[in-house]
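To keep things clear, I will list the structure first and then write my remarks on it.
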């Protein structure tokens, strides 16, 4: 063990030569390629991070654009629904107004038809009453009344009755 404590100059020399040669060879063939590989890897990671950030920014922009487009579509849809509802209300009002006018016209037409029928029936009734009155007067008086003077007398009597109402 003693020889371990005593430095051997030859061994130290060859150890230094080997170490220097190893450092030189590593520096020439190992260190530069390793550093270059690390630098390349660092650049690749940096580019990947930048590409990921750019993709995230593009996705956020696309999301914002889509959200804005959806809002515009929603507003357009709401406006179209409001226009359709307003148009529906206008159509409803027009149909109701048309139906009301038709009902009024039908009612007026029916009223005129009823009045014309009533006037016809009243005229017919007057003629029958006049005929019956003349026949009754002929029986009472016992002679025949001529039709023209009898009809005139009945018409005068009916006019007086109407005037009393």
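So, residue 99, is that one free of Cβ contacts under 8 Å to residues at least 40 places away in the same chain and within 30 Å of residue 26 (Cβ to Cβ) or not? Spelling it out, it is not the case that residue 99 is free of Cβ contacts under 8 Å to residues at least 40 places away in the same chain and within 30 Å of residue 26 (Cβ to Cβ).
Within the option set 161, 122, being loosely packed, with under 10 Cβ neighbours inside 10 Å, assigned to a helix (DSSP H, G or I), modelled with pLDDT under 95 and out of contact with any helix residue (DSSP H, G or I) (no Cβ under 6 Å at 6 or more places or on another chain) holds for one residue only, 161.
The values are calculated or read from the model by the stated rules, or taken from the named source; none is laboratory data. The shown structure was predicted, so the numbers you read here are calculated from the model rather than taken from an experiment. Note that we place each Cβ from the backbone using ideal geometry, even for glycine, and neighbour counts take in every protein chain shown.
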